[in-house]
């Protein structure tokens, strides 16, 4: 098995396991604040793991090129979920406005992923404007 296929399969496996874990925790905890914290931590860890795996892909596979906005996408939803975590931790009011917190974190995460996916699809592959003499 070549490295590119292995790293892509590993990335897909980690993403699927994280999504299944989030759905399972949502079912178990329902609207409890502890379940919300756990899912936020999973999303933050998923973003960091994806950035590390992209770094491995760039290092080990010489012809691998990630999307122009892929790292920004993962960093953005890590920051959004980190902000949502501290918002719940220090502002409180989760018990009465839990749906607003869920919308803030999860809907914004989905919007960020879709937005940067569209950006990556519409980016032009620019060639270098000059050649280096060797």
Response to the item:
Measuring from the longest principal axis of the C-alpha atoms of the chain, the long axis of helix 33-60 (C-alpha) lies at a number of degrees, nearest 10, equal to 10 degrees
Worksheet item: What percentages, rounded to whole numbers, describe P(r) for the range 37-84 computed over all alpha carbon pairs with 10 Å bin width beginning at zero?
Response: 28, 46, 22, 5
Worksheet, complete the sentence: With Cα coordinates, the longest principal axis of the chain makes an angle with the long axis of helix 3-29, in degrees rounded to 10, of 10 degrees
Item to complete: Give the span of the range 3-122's Cα atoms along each principal axis, as three whole-Å numbers ordered largest to smallest.
Response: 51, 28, 21
Worksheet entry | 29, 106 arranged by Cβ crowding within 10 Å, fewest neighbours leading | 29, 106
Discussion item. Order 39-50, 63-74 from most to least packed using the mean count of other Cβ atoms within 10 Å.
Written reply: 39-50, 63-74
Worksheet item: In degrees, nearest 10, range 0 to 90: what is the angle between the Cα axis of helix 108-122 and the longest Cα principal axis of the chain?
Response: 20 degrees
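Throughout, read-outs are computed from the coordinates displayed, never taken from laboratory work. Worth saying up front: this structure is predicted, and the values here are computed from it rather than measured. Because the Cβ atoms are built from the backbone with ideal geometry, glycine has one as well, and the counts that use them run over all protein chains shown.
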